[in-house]
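Readers should treat all values here as calculations from the given coordinates under stated rules, not as data from a laboratory. Bear in mind that the values here come from a model prediction, so they are computed numbers and not experimental data. Cβ: placed from backbone, ideal geometry, glycine included. Neighbour counts: every protein chain shown.
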Amino acid sequence: MRYELTKDLETGNIFIDDEHRQLLKAVNDLLDACDKGEGRDSVQKTLFFLTNYVKNHFANEERLQQKSSYPNYTSHKAFHDKYRQDLEGMAAKLNPQNISVGDLTALNHQIGILVSHIRTEDKKLGQFLQKNK
Ligand SMILES: [Fe+2]
């Protein structure tokens with residue numbers, strides 16, 4: 001299965017949606033690697049991408065929220081902070097010489113959390129930004 005920015009994942013904000021597309025592309029690359037039996041090799045690459053991506057993308061979202069006085073800023077940022085921390089912890093623990101199926105599962109789990117955040121919280125943010133243009 002490949003990820004696509006389907007309607008349920010669209011926030012309606014072109015900047016946010018564009019960045020989400022980049023994320024889904026990285027996830028699809030990982031899934032392709034898994035199909036080819038190269039999932040373990042891709043774990044480090046994807047985790048490295050994701051850690052950097054999250055840093056920039058979350059900062060961009062937070063800036064938009066502050067600029068528009070988004071009422072859920074505090075809770076949204078709390079999620080971002082925790083997620084950033086969890087990913088960094090994962091990256092720090094990863095042993096590139098010995099990547100396990102467990103690492104791949106943990107990465108998949110993190111991706112799932114982020115996609116469901118997009119579907120719920122980012123979507124709410126998108127709706128708010130639309131209304132308060
Ligand atoms: Fe977010």
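Rounding to the nearest 20 debye, state how big the charge dipole of region 14-54 is about its Cα centre with +1 on each Lys and Arg Cβ and -1 on each Asp and Glu Cβ.
Working: 5 positive and 8 negative charges, 25 e Å.
The calculated dipole for region 14-54 is roughly 120 debye.
Indicate the gyration tensor shape class of region 44-99 (rounded, prolate or oblate), computed on the Cα atoms with a ≥ b ≥ c the square roots of the eigenvalues: a/c under 1.5 is rounded; otherwise a/b larger than b/c is prolate and the rest oblate. It comes out prolate by the Cα gyration axes. For the chain, the longest principal axis of the Cα atoms and the long axis of helix 39-67 meet at an angle of about 10 degrees.
Beyond 19 Å, the tail of the calculated P(r) for region 1-64 holds 38 percent of the Cα pairs. Dipole orientation for the chain: of the candidates Leu24, Asn56, Ile99, Asn56 has the Cα lying most toward the positive pole (charges on Cβ; Lys, Arg +1; Asp, Glu -1). The residues packed around Thr46, meaning those with a beta-carbon under 12 Å from its beta-carbon, carry a net charge of -2 if Lys and Arg are +1 and Asp and Glu are -1.
If packing is taken as the average count of other Cβ atoms within 10 Å, what order do 90-98, 106-114, 78-86 fall into, highest mean first?
Values: 90-98: 11.1, 106-114: 16.7, 78-86: 14.1.
By packing density, highest mean first, the sequence is 106-114, 78-86, 90-98.
Taking all Cα-Cα distances within the chain, those exceeding 24 Å account for 30%. Rounded to the nearest 20 debye, the dipole size of the chain about its Cα centre is 420 debye, using +1 on the Cβ of Lys and Arg and -1 on the Cβ of Asp and Glu. Here the label points at Glu88 and Asn132, each 7 Å from Cα along the C-beta direction, are separated by 2.7 nm in the simple model. With K and R counted +1 and D and E -1, the other residues having a Cβ less than 13 Å from that of Tyr83 yield a net charge of -3.
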